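Handing you a structure now.
The values are calculated or read from the model by the stated rules, or taken from the named source; none is laboratory data. Everything quoted here is computed from the prediction, not taken from an experiment. Positions of Cβ are generated from backbone atoms using ideal geometry, with glycine treated the same way; all protein chains shown enter the neighbour counts. Surface areas here come from the heavy atoms of the whole protein model, side chains and all, with no ligands, DNA or RNA. Shrake-Rupley method; radii C 1.70, N 1.55, O 1.52, S 1.80 Å.
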Amino acid sequence: MSEFITRRSVLAGAGAGAALTTLPISMVTLAFGGTREDFTFTYISDAHIQQIKGASFVRNWDQGLKRAVAEANLVKPESDFVIFGGDLAQLGKREELDHGAEMLSKLKGKLHVVMGEHDYYLDLGDYWSKLYGPHYYSFDHKGVHFVVLNSILTSEQWTFHRWPTAEQRMLEMAGLDNPNGSPFMVGDKQRKWLANDLAKLDKKTPLVVFSHSPLQKIYKGWNFWTDDADEVQALLQPFDSVNVIYGHVHQIQYNQIGNISFNSVMATAWPWPYPQSYAQAESHLPVLTIPMNRADPFFERDATGWQLIDIGSGRVTARYQLWDNDQRTVAFDHKAGRPVDVAYQEPTQRRLPQTHY
Amino acid sequence: MLRSTLLLAFGLAAFGATAARADEFTKADVERYQKEFELVAAKGRELWTSGAVGTNGVACAQCHPNAANTHPETYPKFQKQLGKVAQLFEMVNWCIRNPLQGANLAPDDPRMTALVSYITFERRGVKLAPGQH
């Protein structure tokens, strides 16, 4: 049974006659040395709240975020904090950010927010900052060092000198397959900041980095890509245990590069196809990744979801909560030294819907 | 003699003319046909990325960059939400009605032709697999 139980699953279990008298204990002592406590956090990402006109917003995307927030509030044991992984808005408008922020304000507990390109390219993050503070920062929690990066920056030329209006700039960057877009970067200034931030840490400190874009180079055509990913990775590699958790791709991906484990998170808005489904381009999806199930493309919340993450061993275990679909768990396999999908390692064990569309 | 020669000459001329008409696809013609298709497919991409066929600003490209995961090579096929074997345009209309909150386009609406041209162009080179899921 899953370590995490939502009220919905408890009720469903009780209805089915299963006797659930106790919930799992909320904290266990540590697998990763010392006397720190284990903890979990909840990760919600890519809501893409989209204004139609006035107080009217696209219903599907609203519902995805509302459901994730409602269920995150029911999780037992309670998460220590919640991360929102970027792209709260679709076109960076105040109305969209306000509407999304109001939904996120219903969350219990501390919220940390990551900058997405859809939040940024209208006013370059000004209004977002009024709501959520600095574009990049770090914090410590129970012995783990967390870093939040703004990984969706690009060149000065593209940002400041190419478009007649801010609206045009936003529209160009919002299209995933738009050849007028530009690859994302963390950039020199922020990499210097990161180097300084990490310099004070013991290399044994478990490190978790949140970014919106992948910090690895997966598929440039759809900007599943960060141009200075290699330089950022070089700063992270000296640490014993590094985890990068990213949004943006609207699908399950995972990878291992040296000491760095990568896990993507789901979107609450809509799913994206895997790069190899585009027949005209070569795919660079990490070979470790087993593509996610598309059980029913005609179900409104198909292939969207949110996730619970624990770092019990200093490495990420991501439990993907998929609406109307089997949960997926991607956990670090210490023998193999990389993340694995717990249920679908063997091709013969993958259910038919793994390749269904 | 003269008459039959004339007839024969006329017959030959007529045959020759027919043969010439049937073989009249010049390089310039083929280029024009190709250009016509490209214009329509480009119009399709414009509709695909702009949200112009819906009412809520949602664009097809939000879920389907480069029209990926539309699988035009598998149609006609059984479509669960329609409860029958359907053609690609019927699936396009399902998307227009639902995520895009718009109204059905007729099968021969130039906008539908443009959308299907774009979708199919992005899957060029993939083998036909009608009915497949």
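Please say if the stretch A:90-231 is rounded, prolate or oblate, where rounded means a/c under 1.5 for a ≥ b ≥ c the square roots of the C-alpha gyration tensor eigenvalues, and otherwise the choice is prolate for a/b larger than b/c and oblate otherwise? Mind dumping the intermediate values first?
Details: a/c = 2.04, a/b = 1.26, b/c = 1.61.
Here the stretch A:90-231 falls in the oblate category.
So, one more: Can you pick out the pairs among A:76/A:110; A:217/B:77; A:204/A:335; A:130/A:204 whose Cα atoms lie more than 24 Å from each other?
On the way: A:76/A:110 16 Å; A:217/B:77 36 Å; A:204/A:335 19 Å; A:130/A:204 35 Å.
In this structure, A:217/B:77; A:130/A:204 lie more than 24 Å apart at Cα.
In addition: Describe numerically, in nm with one decimal, the distance between label points set 7 Å from Cα along Cα→Cβ at residue A:137 and at residue A:200.
The answer from the label model is 1.5 nm.
Output the Cα-based Rg and Dmax of the protein assembly as shown in Å, rounding Rg to one decimal and Dmax to a whole number.
26.7, 118
Rank these by accessible area, largest first, 1.4 Å probe: A:235, B:88.
Values: A:235 50, B:88 25 Å².
Correct descending sequence by accessible area is A:235, B:88.
Hey, another quick one. Among B:56, A:138, A:323, which residue has its Cα furthest toward the positive end of the charge dipole of the protein assembly as shown, with +1 on Lys/Arg Cβ and -1 on Asp/Glu Cβ?
Final value for the positive-end residue is A:323.
So what's the gap between the Cα centers of the stretch A:74-149 and the stretch A:237-259, to the nearest angstrom?
19
Would you mind computing, in nm to one decimal, how far apart the modelled labels at residue B:42 and residue B:129 are, each placed 7 Å from Cα along Cα→Cβ?
Placing both labels 7 Å beyond Cα along the Cβ direction yields 3.2 nm.
Please compute the modelled spin-label separation between residue A:167 and residue A:192, points set 7 Å along Cα→Cβ, answer in nm with one decimal.
Computed distance between label sites residue A:192 and residue A:167 equals 3.7 nm.
Then there is this: Counting only helical runs of four or more DSSP H residues, what would the 222 nm mean residue ellipticity of chain A come to if each run contributes -39,500 (n - 2.57) and the total is spread over all its residues?
Values: 9 runs with 80 residues, N = 357.
The helix-only estimate for chain A comes to -6500 deg cm²/dmol at 222 nm.
How far is the Cα center of the stretch B:29-52 from the Cα center of the stretch B:82-133, in Å?
16
Could you calculate the contour length gain from residue A:180 to residue A:63, that is, 0.36 nm times the residue separation minus the distance between their Cα atoms, to one decimal place in nm? Please list the in-between numbers first.
Details: separation 117, 0.36 × 117 = 42.12 nm, distance 3.09 nm.
The span from residue A:180 to residue A:63 would gain 39.0 nm if fully extended.
Here is a further query. Note down the net charge around residue A:176, summing +1 for each Lys or Arg and -1 for each Asp or Glu among other residues with Cβ under 14 Å from its Cβ. Please report the intermediate quantities before stating the final value.
Working: positive: A:220, B:45; negative: A:46, A:87, A:117, A:172, A:177, B:122.
Local net charge: -4.
Evaluate the relative contact order of chain A (contact order divided by residue number), counting alpha-carbon pairs under 8 angstrom at least 6 apart; express in whole percent.
Working: 773 pairs, mean separation 53.4, N = 357.
Across chain A, relative contact order equals 15 percent.
What is the sum of charges, Lys and Arg at +1 and Asp and Glu at -1, for the other residues whose Cβ falls under 11 Å from the Cβ of residue B:98?
Working: positive: A:59, B:97; negative: A:300.
With Lys, Arg at +1 and Asp, Glu at -1, the neighbours total +1.
Among the lysines, which fall within straight-line cross-link reach of residue A:220, defined as a Cα-Cα distance under 29 Å, with same-chain neighbours fewer than 8 residues apart omitted?
A:93, A:189, A:192, B:35, B:43, B:127
Rounded to the nearest 5, what % of the DSSP beta bridges within the protein assembly as shown are antiparallel ones? Mind dumping the intermediate values first?
Details: 36 of 60 bridges.
In the protein assembly as shown, DSSP labels about 60 percent of beta bridges as antiparallel.
What does the charge add up to near residue A:60, with Lys and Arg as +1, Asp and Glu as -1, over the other residues with Cβ less than 14 Å from its Cβ? Mind dumping the intermediate values first?
Values: positive: A:59, A:66, A:67, A:301, B:97; negative: A:46, A:62, A:300, A:302.
Net local charge, residue A:60 excluded: +1.
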